[in-house]
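Here is the structure we will look at, set down as structure tokens.
The values are calculated or read from the model by the stated rules, or taken from the named source; none is laboratory data. Keep in mind the model is a prediction, meaning the values are calculated, not measured. Please note: Cβ atoms are built from the backbone with ideal geometry, for glycine as well, and neighbour counts cover all protein chains shown.
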Amino acid sequence: MKQKITHYLNKKSILLFSFIIAATHLSAQTITIPITTENSMLLLQTDSNNRLMNVYFGKPLENENEFATVSAGYNYDYSNQGIYNSAYTPSGTWNLSEPAIQVKHADGNTSLELKYVSHKIEKIDANSAITSVVLKDPVYPFEVTLFYKVWIKENVIEQWTEIKHNEKKAVLLQKYASANLFFGGKDFYLTSFQGEYLKEMQPVETKLVQGIRALDTKLGTRAMLTQTPNFMVSFGKPASENEGSVMLGQLAWSSNFKLEFEIDSNKNLRLIAGINPFASEYSLAPNEIFKTPSLIYALSNHGTGEASRNLHDWARKYRLLDGQGERLTLLNNWEATYFDFDENKLKDLFKDAKDLGVDMFLLDDGWFGNKYPRNNDVAGLGDWQENKKKLPSGIGYLVKEAKKEGVKFGIWIEPEMVNPKSELYEKHLDWVIRQPERPEIYYRNQLVLDLSNPEVQDFVFGIVDDLFVKNPELAFIKWDCNATIYNAYSTYLNKKGLPQSNLYVDYTRGLYKVLQRIRAKYPKVPMMLCSGGGGRGEYEFLKYFTEFWPTDDTEPLERIFVQWDYSYFFPAISTCNHVTDWGKQPLKFRVDVASMGKLGFDIVASKLNPEDKTFCKQAISNYNSFKDIVWHGDMYRLVNPHENNIAALMYVNPTKTKAVVFNYLVNNRFNITATERPVVLNGLDPKKKYTVKEINLFPGTTSPIASDKVYTGDFLMKAGINPNVSLKRTSVVLEINEVQ
Ligand code: DGJ
């Protein structure tokens, strides 16, 4: 199948390229443009007015000569109010439905029409290609190019748009979506993920009914705290794990976004996704290109499990920084010390890190600020010099001391922020986002720096650069962000004569510029993206970060749900899970849960009792033996904690010779003595034979699971195996190994 499609793409590239020439002259001719992956096809087609329409979305059609006839099968009302399937719906002319783009031309006119001009396919390699389609306004020198990038094998599509014009003055972009899709059919189910601090990523599945359901955020920074840009659409019936057609999507933009799902009067689904137009009319100068963020989506006809695995593969190979590389296990001091530490305390923690067997010690918040020492969260942010009282010998000394213990050293920063109690605020009030005439409004006692200002970009880059220049052996950065933008106002934009409504976009682009500079100089050093909880973490940011912090909520029962829900969109290698003292679950439960991702600890290891310590060390050593499967293998969600008393999830290596299965009790309402039925495994080879061995056993306990019994993959994937989860065994980790 793969080969066939690849070949097909080659043939089409040549064929479709010839359309570019033909199309400019023969505008009345129907142009059909297929965007194809292994299991899906999106067909674009020009209509009799030479407008570009979405005419098909579904399983790939095999015969090219039938593509053009798809639309003939529909008898929708084609008067203007009935046209819902534009590939990029303009406004102010014929369209009366929700637009993808809305503009005010340089002369104040608000009408826009977009007609097909040309398209081309650029083949990148055997697995990926970019189709771009140029649309132009016949009256104004205004142009939009739609981009569709496909990864054939992973069934992932990335869509974005470039907008430019050659008018006499700036054009005001009032709405500028990344993508405008259309799905024929009926019964669409949308799962969105809402949240708030400590309650991130809560799924809500609803059947879409006529009208528009909009998901958006206006928080500016840490934008996805209350509403994430991740969503699932299930076609025909509610989403399920192993069957059915689904789309897992995300708007990859680190600030305000808006996703609009509209069931039109024919019960078809329109999706318009992009930057949130809220307070964001963007002034676009002549000949400047406005590139929108991307809508990224994975498609599957076999349920959310396959879609997630494909998305994970895609992310690891093509998106996440160092997605196919290694990660560092760590001991973090945040919950162990909060702001209260000094060199000696830290040196003891280095020993703890070494003793536990993790790779690195991570120094969290509180290491900086002198005039306004960072001894709590009201002061010091912005003053990135070591606090002389706590750390008289500086960071360099700590890096060396950690090295002596045999552990690497990483450090926390929150470079986009400032406390009003700081030297930075005193010196550079003009760098702070705030309304000059209004009282300041704080989130965690802090304000956001104006990254639309290149001087602020230099400052933020300088914080990271300075740390690395002074400490070349610094191994890791945790980049935090704990405030939203209130009182959105930029002194810089004002000085430049640019509208304030550029701020959200220019802030975000400024931040990307900083990250690009950091990555140009320090291409691979691991960096964790954190946001006082899961207020960040999407695939534009993850071009620059190796991992992200899904939530401050480390209560392990809650984490099972949160990690489960993040797992739809992100591979385990990208999610940082730390063992802390939150919750009532035993240490084993906490360590097992944190092992389903990138493992870290945020506890006072020296205070662990001997059994806990022994367990931790053994579990870290076990983790080191299976982490490669969790990080780089295929994930199968087996038992959904939202619907059952237990959760079960497994990871399988690519050759299907090894797997690790995690099982947890998530509900003890009925005094469970042991799970009644087996957990049916997935992803193994039915023909291979396997043993199942329980690992991460707490000292002094034994397993009821016979480790010498041999099962076929067929049996494990049909009949399954009972992990015997119970009130006494609330978490059970099983290692599956092929036997010859
Ligand atoms: C919020 C983060 O989520 C925590 O892990 C910690 O780094 C604090 N910020 C520090 O202020």
Flagged in the stretch 310-336 as surrounded by fewer than 18 Cβ atoms within 10 Å (Cβ to Cβ) and closer than 20 Å to K388 by Cβ, in numbering order, are none
If we keep just the residues of the stretch 413-427 that are over 27 Å from the mean Cα position of the chain (by Cα) and touching a residue at least 12 places away in the same chain (Cβ under 8 Å), which is surrounded by the fewest Cβ atoms within 10 Å (Cβ to Cβ)? E423
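Can you pull out the residues in the stretch 98-113 that are out of contact with any Asp or Glu (no Cβ under 7 Å at 6 or more places or on another chain) and either in a loop (DSSP other than H, G, I, E, B) or closer than 30 Å to Y318 by Cα (or both)?
Filtering the stretch 98-113 down to residues out of contact with any Asp or Glu (no Cβ under 7 Å at 6 or more places or on another chain) leaves 99-104, 107-111.
Once the filter is applied, which keeps residues that are out of contact with any Asp or Glu (no Cβ under 7 Å at 6 or more places or on another chain) and either in a loop (DSSP other than H, G, I, E, B) or closer than 30 Å to Y318 by Cα (or both), the stretch 98-113 yields P99, A100, I101, D107, G108, N109, T110, S111.
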Here the residues within the stretch 634-650 that are touching a helix residue (DSSP H, G or I) at 6+ places or on another chain (Cβ under 9 Å) and of a type outside the set (A, V, I, L, M) are D634, Y636, R637, N640, P641, H642
Considering the stretch 119-139 alone, what residues qualify as being over 26 Å from the mean Cα position of the chain (by Cα), in a strand (DSSP E or B) and of a type in the set (D, E)? E122
Which pairs do you get when a residue that is closer than 16 Å to W412 by Cα, found in the stretch 546-559, comes within reach of a residue that is aliphatic (A, V, I, L, M) and within 10 Å of the ligand (Cβ to nearest atom), reach meaning Cβ atoms under 7 angstrom, with the pair 6+ apart or on two chains? E547/M528; F548/M528; W549/M528
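From the residues in the stretch 10-46 that are part of a loop (DSSP other than H, G, I, E, B) and modelled with pLDDT under 95, which one is surrounded by the fewest Cβ atoms within 10 Å (Cβ to Cβ)?
To start, the set of residues in the stretch 10-46 that are part of a loop (DSSP other than H, G, I, E, B) comprises 26-31, 37-40.
Subsequent filtering for residues that are modelled with pLDDT under 95 retains 26-30.
Details: L26: 12, S27: 15, A28: 9, Q29: 11, T30: 14.
Among residues in the stretch 10-46 that are part of a loop (DSSP other than H, G, I, E, B) and modelled with pLDDT under 95, the one surrounded by the fewest Cβ atoms within 10 Å (Cβ to Cβ) is A28.
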Considering only the stretch 651-695, state which residues are out of contact with any helix residue (DSSP H, G or I) (no Cβ under 9 Å at 6 or more places or on another chain) and of a type in the set (A, V, I, L, M, F, W, C). V661, F670, I672, A674, V679
L474 vs (1) within 16 Å of the ligand (Cβ to nearest atom); (2) assigned to a loop (DSSP other than H, G, I, E, B); (3) not aromatic (F, W, Y): all pass except (1)
Inter-residue pairs, beta-carbon under 7 Å, first over 14 Å from N266 (Cβ atoms) and in the stretch 64-86, second of a type in the set (S, T, Y) and surrounded by 11 or more Cβ atoms within 10 Å (Cβ to Cβ), 6+ apart: F67/T32; A68/T30; A68/T32; V70/Y56
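Check the stretch 287-303 and report whether any residue there is closer than 30 Å to I620 by Cβ and not in a loop (DSSP other than H, G, I, E, B). Write out each step before concluding.
Taking the stretch 287-303 and keeping what is closer than 30 Å to I620 by Cβ, we get none.
No, the conditions are met nowhere in the stretch 287-303.
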Just to be sure before I move on: is S280 buried (at least 19 other Cβ atoms within 10 Å of the Cβ), part of a loop (DSSP other than H, G, I, E, B) and not charged (D, E, K, R) in the structure I sent? yes
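In the stretch 325-371, what count of residues is obtained for those that are at pLDDT 95 or above, farther than 28 Å from K524 by Cα and either within 15 Å of the ligand (Cβ to nearest atom) or of a type in the set (A, V, I, L, M, F, W, C) (or both)?
As a first pass, look at the stretch 325-371 and keep what is at pLDDT 95 or above: 325-334, 337-371.
Within this subset, residues satisfying the condition of being farther than 28 Å from K524 by Cα are 337-345, 348, 369-371.
When the remaining residues are screened for being either within 15 Å of the ligand (Cβ to nearest atom) or of a type in the set (A, V, I, L, M, F, W, C) (or both), the result is 337-341, 369.
Going through the stretch 325-371 one residue at a time, the tally reaches 6.
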Being assigned to a loop (DSSP other than H, G, I, E, B), within 13 Å of the ligand (Cβ to nearest atom), at negative phi and not acidic (D, E), is that true of even one residue in the stretch 520-535? yes
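Here are some residues: E196, E154, E143, E162. Which one is in a loop (DSSP other than H, G, I, E, B) and either more than 18 Å from the chain's Cα centre (by Cα) or free of Cβ contacts under 8 Å to residues at least 40 places away in the same chain (or both)? Write out each step before concluding.
Details: E154 fails: either more than 18 Å from the chain's Cα centre (by Cα) or free of Cβ contacts under 8 Å to residues at least 40 places away in the same chain (or both); E143 fails: in a loop (DSSP other than H, G, I, E, B); E162 fails: in a loop (DSSP other than H, G, I, E, B).
Result of the check over E196, E154, E143, E162: E196.
For the stretch 680-740, give me every one of the strands (runs of 3 or more DSSP E) that falls completely inside it and has 3 or more residues that are modelled with pLDDT of 95 or more and within 36 Å of the chain's Cα centre (by Cα). Spell out the reasoning first.
On the way: elements: 689-695, 710-712, 731-739.
The strands (runs of 3 or more DSSP E) meeting that bar are 689-695, 731-739.
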Output the number of the condition that I560 fails; it satisfies all remaining conditions of (1) among the aliphatic types (A, V, I, L, M); (2) under 20 Å from E196 (Cα atoms); (3) within 13 Å of the ligand (Cβ to nearest atom). (3)
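For the stretch 690-720, name all the residues that are farther than 25 Å from I620 by Cα and either surrounded by 16 or more Cβ atoms within 10 Å (Cβ to Cβ) or small (G, A, S) (or both).
Residues of the stretch 690-720 farther than 25 Å from I620 by Cα: 709-720.
Hits for the stretch 690-720 are Y711, T712, G713, F715, L716, M717, A719, G720.
I need the full set of residues from the stretch 536-557 which are more than 23 Å from L328 (Cβ to Cβ) and within 16 Å of the ligand (Cβ to nearest atom), in order please.
At the first step, the residues of the stretch 536-557 found to be more than 23 Å from L328 (Cβ to Cβ) are 540, 555, 557.
Across the stretch 536-557, the qualifying residue is only E555.
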Which pairs do you get when a residue that is over 19 Å from A353 (Cα atoms), found in the stretch 387-412, comes within reach of a residue that is among the polar types (S, T, N, Q) and away from the ligand (no atom under 16 Å from the Cβ), reach meaning Cβ atoms under 8 angstrom, with the pair 6+ apart or on two chains? N387/N370; K388/N370
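Residue-by-condition table, conditions (1) among the acidic types (D, E); (2) more than 20 Å from T226 (Cβ to Cβ):
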{"position": "V448", "(1), (2)": "no, no"}
{"position": "L451", "(1), (2)": "no, yes"}
{"position": "F459", "(1), (2)": "no, yes"}
{"position": "D466", "(1), (2)": "yes, yes"}
{"position": "F476", "(1), (2)": "no, yes"}
Output the residue which, of all residues in the stretch 436-471 that are surrounded by 15 or more Cβ atoms within 10 Å (Cβ to Cβ) and farther than 24 Å from G532 by Cβ, is farthest from the chain's Cα centre (by Cα). N471
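Filter the stretch 136-165 down to the residues that are of a type in the set (A, V, I, L, M, F, W, C), crowded, with 20+ Cβ neighbours inside 10 Å and within 15 Å of K115 (Cα to Cα) and list them by number.
Going residue by residue through the stretch 136-165, those that are of a type in the set (A, V, I, L, M, F, W, C) are 139, 142, 144, 146-147, 150-152, 156-157, 160, 163.
Next, from what is left, pick out any that are crowded, with 20+ Cβ neighbours inside 10 Å: 142, 144, 146, 150-152, 156-157, 160, 163.
F142, V144, L146, I163 - these are the residues of the stretch 136-165 that are of a type in the set (A, V, I, L, M, F, W, C), crowded, with 20+ Cβ neighbours inside 10 Å and within 15 Å of K115 (Cα to Cα).
Would you mind finding the one in R374, R434, R438 that is touching a strand residue (DSSP E or B) at 6+ places or on another chain (Cβ under 7 Å) and away from the ligand (no atom under 16 Å from the Cβ)? Reasoning before the result, please.
Numbers: R374 fails: away from the ligand (no atom under 16 Å from the Cβ); R438 fails: touching a strand residue (DSSP E or B) at 6+ places or on another chain (Cβ under 7 Å).
Going through R374, R434, R438 in turn, just one is touching a strand residue (DSSP E or B) at 6+ places or on another chain (Cβ under 7 Å) and away from the ligand (no atom under 16 Å from the Cβ): R434.
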Consider Y116 carefully, then state whether it is over 17 Å from E158 (Cβ atoms) and assigned to a strand (DSSP E or B). yes
